[in-house]
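Chemist: First the structure, then my questions, so here it is.
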Amino acid sequence: MRERSQAEAEAEAVSSAGCVRYRLTRLQRLLSVLPVIMVTAFQTLLWLSGGSSGPLLLTLAMWAVLLLMGLIVPRPFGVTLTPSAAVVHNLRRRTIPWSNVQAIRIESLLGSRTVVIYEAGGRATRLRAPITGFLNWDRDFEDKFHTIGRWWLDHRGPDWFPVPPPASGGTAP
């Protein structure tokens, strides 16, 4: 018998409270600031080999601020699944009612796979989390995608019906 994944256990634990929340993993947030860490280490090594300390202190302070921002700012990004809607947390919070969702798919963009929610009006919303890719690996990505899809199917309501995609910009024959 297959063991339960961490994503399934997390989803069940939080779903008992009425919602499920997915964010970037700790490793994904850390990898987003890896360039800042590398540049800071390089500049420190230059200083230790005899460089001047004046610009170094200012530069290290700037990089420390960027590192903190890089670790803190992406934390709220993700999605919260509630019985009535998917609440997308990006720079602005957006609520997408399940009855308005037409499809949930996985799409690739720049080597990363993300979950995309398609709405009845033709709008596509790409979720910032869950995400997986070369340096953004999330081993529970597939389980998280299936959990989001199950929430949509379970909560879209009995009045839900498929809406044909919006017409293209061309003229009809």
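The values are calculated or read from the model by the stated rules, or taken from the named source; none is laboratory data. All of these numbers come straight from a predicted model, not from anything done at the bench. A quick note on method: Cβ atoms are made from the backbone with ideal geometry, for glycine too, and the neighbour counts reach across all protein chains shown. Quick note on the areas: whole protein, heavy atoms, side chains included, nothing else; ligands and nucleic acids left out. Shrake-Rupley method; radii C 1.70, N 1.55, O 1.52, S 1.80 Å.
Chemist: For segment 114-156, name all the residues that are farther than 17 Å from His89 by Cα, touching a Phe, Trp or Tyr at 6+ places or on another chain (Cβ under 7 Å) and at pLDDT 90 or above.
Modeler: Trp152, His155
Chemist: Among residues belonging to segment 2-32 that are aliphatic (A, V, I, L, M) and at pLDDT 70 or above, point out the one that is most open to solvent (accessible area, probe 1.4 Å). Spell out the reasoning first.
Modeler: Residues of segment 2-32 that are aliphatic (A, V, I, L, M), as a first pass: 7, 9, 11, 13-14, 17, 20, 24, 27, 30-31.
Those still in the list that are at pLDDT 70 or above too: 20, 24, 27, 30-31.
Values: Val20: 1, Leu24: 29, Leu27: 100, Leu30: 81, Leu31: 52 Å².
Within segment 2-32, the match that is most open to solvent (accessible area, probe 1.4 Å) is Leu27.
Chemist: Just one of the numbered conditions (1) open to solvent by 50 Å² or more (accessible area, probe 1.4 Å); (2) at pLDDT 70 or above; (3) within 25 Å of Ile131 (Cβ to Cβ) is not true of Ala86; which one?
Modeler: Single failed check for Ala86: (1).
Chemist: What are the residue pairs meeting all of these: first residue in segment 36-51, first residue open to solvent by 70 Å² or more (accessible area, probe 1.4 Å), second residue in a helix (DSSP H, G or I), Cβ atoms under 6 Å, and 6 or more apart or on different chains?
Modeler: Trp47/Leu56
Chemist: Could you list all residues from segment 157-173 that are modelled with pLDDT of 80 or more and open to solvent by 100 Å² or more (accessible area, probe 1.4 Å)?
Modeler: Pro158, Asp159, Phe161
Chemist: Further, regarding this structure: I'm trying to understand the selection: among the residues of segment 123-139, which are more than 14 Å from the chain's Cα centre (by Cα) and open to solvent by less than 40 Å² (accessible area, probe 1.4 Å)?
Modeler: None - no residue of segment 123-139 is more than 14 Å from the chain's Cα centre (by Cα) and open to solvent by less than 40 Å² (accessible area, probe 1.4 Å), so the list stays empty.
Chemist: May I ask you to verify whether Thr114 is in contact with a helix residue (DSSP H, G or I) (Cβ under 7 Å, 6 or more places away or on another chain), without any contact (Cβ under 8 Å) to a residue 40 or more places away in the chain, polar (S, T, N, Q) and crowded, with 18+ Cβ neighbours inside 10 Å?
Modeler: Against the criterion (in contact with a helix residue (DSSP H, G or I) (Cβ under 7 Å, 6 or more places away or on another chain), without any contact (Cβ under 8 Å) to a residue 40 or more places away in the chain, polar (S, T, N, Q) and crowded, with 18+ Cβ neighbours inside 10 Å), Thr114 does not qualify.
Chemist: If you check every pair at least six apart or on different chains, which have Cβ atoms under 6 Å apart with a residue in segment 150-165 that is without any contact (Cβ under 8 Å) to a residue 24 or more places away in the chain and under 13 Å from Pro83 (Cβ atoms) first and a residue that is open to solvent by less than 100 Å² (accessible area, probe 1.4 Å) and aliphatic (A, V, I, L, M) second?
Modeler: Correct list of pairs: empty, since none qualify.
Chemist: Quick check on segment 91-100. Is at least one of its residues part of a helix (DSSP H, G or I) and in contact with a His (Cβ under 8 Å, 6 or more places away or on another chain)? I'd like the intermediate steps shown before the answer.
Modeler: Our first condition is that a residue be part of a helix (DSSP H, G or I); within segment 91-100, this holds for 98-100.
Subset that is in contact with a His (Cβ under 8 Å, 6 or more places away or on another chain): 98.
Within segment 91-100, one or more residues are part of a helix (DSSP H, G or I) and in contact with a His (Cβ under 8 Å, 6 or more places away or on another chain).
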